[in-house]
Structures are given as C-alpha cells and as structure tokens.
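Sharing a structure with you now.
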C-alpha cells in the first residue's frame, strides 16, 4: 500500500504464485508442488550409497514419515481402493517392509551386481553397477501403496530418476506419497509423480530424448502392447513386472542398472 491507500504494483505476486502452485497440484502430484527441472541423465539421484541403514537414509526417513500418516493411508485405502481394514493395514505394513529392505540394499549394490576380475595377473578389472538414467513407471492399481513403493524404491536405490505416471485410481495414495517424498532428502527432479492416464502420456514421454527406460507394472495387456511398441520405436529399454510384488527381489535393481567396467594395473606381484 502507498500513502493513498492504493495497492502497490506487484503486491498480488505471492497470491498469484500460490494460485499457480495449487493449480499444478490439482493437475499433477509432484513432490512439494514446486516447479522442478525435468530429470536428465546429468541430474541423477546418486542415492545408492546413501540408501543404507544409516541415520540419514532417505528411504528409512520416507518409511518413518509414512508410518506417521498410517491412519490417513489406511483410511484412503479403505475408502478409495475398496480394501478391507485388514487389507489396508497389510498394504501399509508391506510397503514399509519393502522400503526397509531396499534401504538395506543401497550400500551393497557393488557386491550384489558387481565383481572384480584379475586379467593375466597384471591387470585388475572391476565392474560396478551404474544407473540407466530416467525411468518412466506405470504402477499397478492394486495394492495402492505397495505397488507405488515397490516400483519407486528400487529405482531410487539404483540411482535413477523416476517419473511415475499415476492412473486416476491411485490419486489419493500417490498424493500422500508425493507430499512425503517432498520432505525427504531427495534432489530436485529425482522423484516425480504425474496423475494422468498412462496411455495418453507415456508414449509421449517415451519419445522424448530424456527417457532411458520404461517399467510396466500396471495397465491392461493391450495398453502394455502399445507402450512397448512406442518404446521400441525410440530404442527405450522396457521391463515388465509380471511376477507381482509378493516378495522383494533384486530383479528391478539389476534391470535398471548397467555395468560399468574399470581396469587398472595390479600392484600384486
């Protein structure tokens, strides 16, 4: 306000910014609903070594924050996913167990997926896992929270950037997960959740230059076929999670990493 009581120029800027943030939150659930840079190969998470059982593990922190919202998550699963109270509690319990399991794999990736070879006794070759880049994810609709966590956690541990295309049926669980991810120590653009029909957006994302891989864990068979064809046209790696999420496994860790080899002279005589 100036001395005449007229609003000064630009005084409505913060109000317009808040309206724009709310509009973005309604159209797509991104962590923190703040403008995030599109994930690229040069801005990967590098989460693997930091995802172990340490005091600052982002995955363990995410599990603690989800546990603090247990009542809200169980109510959402019962109201929107039509789960019974026991099934909603089991969904949350298995999702938290999956986060802890993958957090324990973070500092063990070189041992699980790498190796050391001695060539002719004078050269030592080491192979370590490296992230593939930006991964587009189509999660399953049931179970709601476990399906999202089982897709996102291994990709983050492997060091990839993740773009989850959430179908409208998963919007409540995805919104809560996005709000929780925003409070964890993840870099900007590492975890992105977009609420839109996968068949309408995934082919466009797969055709972009920033997409390196595609994880298909949900959708109908015809939709999966169309997405595979769109990915094949642009040389995008495709992995289908057919076995479900009954038990944690290193399948996704191996599917979305690539070996990186190093060689150096051996000091052993």
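The values are calculated or read from the model by the stated rules, or taken from the named source; none is laboratory data. All figures in this text were calculated on a predicted structure; none of them were measured in a lab. Cβ sites come from the backbone with ideal geometry, for glycine too, and all protein chains shown count toward neighbours.
Which residues, taken from segment 90-117, are touching a strand residue (DSSP E or B) at 6+ places or on another chain (Cβ under 9 Å) and either part of a helix (DSSP H, G or I) or closer than 13 Å to residue 153 by Cβ (or both)? Let's see the steps before the verdict.
The initial filter retains those residues of segment 90-117 that are touching a strand residue (DSSP E or B) at 6+ places or on another chain (Cβ under 9 Å), namely 109-110, 112-117.
Matches in segment 90-117: 109, 110, 112, 113.
Tally time: how many residues in segment 214-237 are under 27 Å from residue 91 (Cα atoms) and either in a helix (DSSP H, G or I) or at pLDDT 80 or above (or both)? Break it down into steps so the answer makes sense when it comes.
Of all residues in segment 214-237, those under 27 Å from residue 91 (Cα atoms) come to 214-221, 223-224.
Next, from what is left, pick out any that are either in a helix (DSSP H, G or I) or at pLDDT 80 or above (or both): 214-218, 221, 223-224.
Counting residues in segment 214-237 that are under 27 Å from residue 91 (Cα atoms) and either in a helix (DSSP H, G or I) or at pLDDT 80 or above (or both) gives 8.
Taking segment 121-140, which residues are surrounded by 24 or more Cβ atoms within 10 Å (Cβ to Cβ) and part of a strand (DSSP E or B)?
Across segment 121-140, the qualifying residues are 131, 134, 135, 136, 137, 138.
Report yes if some residue within segment 51-60 is at pLDDT below 60, in a helix (DSSP H, G or I) and in contact with a helix residue (DSSP H, G or I) (Cβ under 9 Å, 6 or more places away or on another chain); otherwise report no.
Yes, the conditions are met somewhere in segment 51-60.
When you scan segment 117-131, do you find a residue that is farther than 17 Å from residue 237 by Cβ, touching a helix residue (DSSP H, G or I) at 6+ places or on another chain (Cβ under 8 Å) and at pLDDT 80 or above, even just one?
Let us first name the residues in segment 117-131 that are farther than 17 Å from residue 237 by Cβ, namely 117-128.
Adding the requirement that they be touching a helix residue (DSSP H, G or I) at 6+ places or on another chain (Cβ under 8 Å) leaves 128.
Adding the requirement that they be at pLDDT 80 or above leaves 128.
Scanning segment 117-131 turns up at least one residue that is farther than 17 Å from residue 237 by Cβ, touching a helix residue (DSSP H, G or I) at 6+ places or on another chain (Cβ under 8 Å) and at pLDDT 80 or above.
Residues are listed down the side, and each one gets a yes or a no for (1) closer than 30 Å to residue 263 by Cα; (2) modelled with pLDDT of 90 or more; (3) surrounded by fewer than 17 Cβ atoms within 10 Å (Cβ to Cβ); (4) touching a strand residue (DSSP E or B) at 6+ places or on another chain (Cβ under 8 Å):
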| residue | (1), (2), (3), (4) |
| --- | --- |
| 172 | no, no, no, no |
| 190 | no, no, no, yes |
| 198 | no, no, no, yes |
| 202 | no, no, no, yes |
| 209 | no, no, yes, no |
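Taking segment 82-110 on its own, how many of its residues are farther than 30 Å from residue 254 by Cβ, touching a helix residue (DSSP H, G or I) at 6+ places or on another chain (Cβ under 9 Å) and either in contact (Cβ under 8 Å) with a residue 40 or more places away in the chain or surrounded by fewer than 20 Cβ atoms within 10 Å (Cβ to Cβ) (or both)? Even if it seems obvious, please write down each step before you answer.
Filtering segment 82-110 down to residues farther than 30 Å from residue 254 by Cβ leaves 82-89.
Adding the requirement that they be touching a helix residue (DSSP H, G or I) at 6+ places or on another chain (Cβ under 9 Å) leaves 83-85, 87-89.
Those still in the list that are either in contact (Cβ under 8 Å) with a residue 40 or more places away in the chain or surrounded by fewer than 20 Cβ atoms within 10 Å (Cβ to Cβ) (or both) too: 83-85, 87, 89.
Residues that pass the stated criteria total 5.
Counting just the residues of segment 199-223 that are farther than 30 Å from residue 57 by Cβ and in contact (Cβ under 8 Å) with a residue 12 or more places away in the chain, which one comes out farthest from the chain's Cα centre (by Cα)?
Selected residue: 223.
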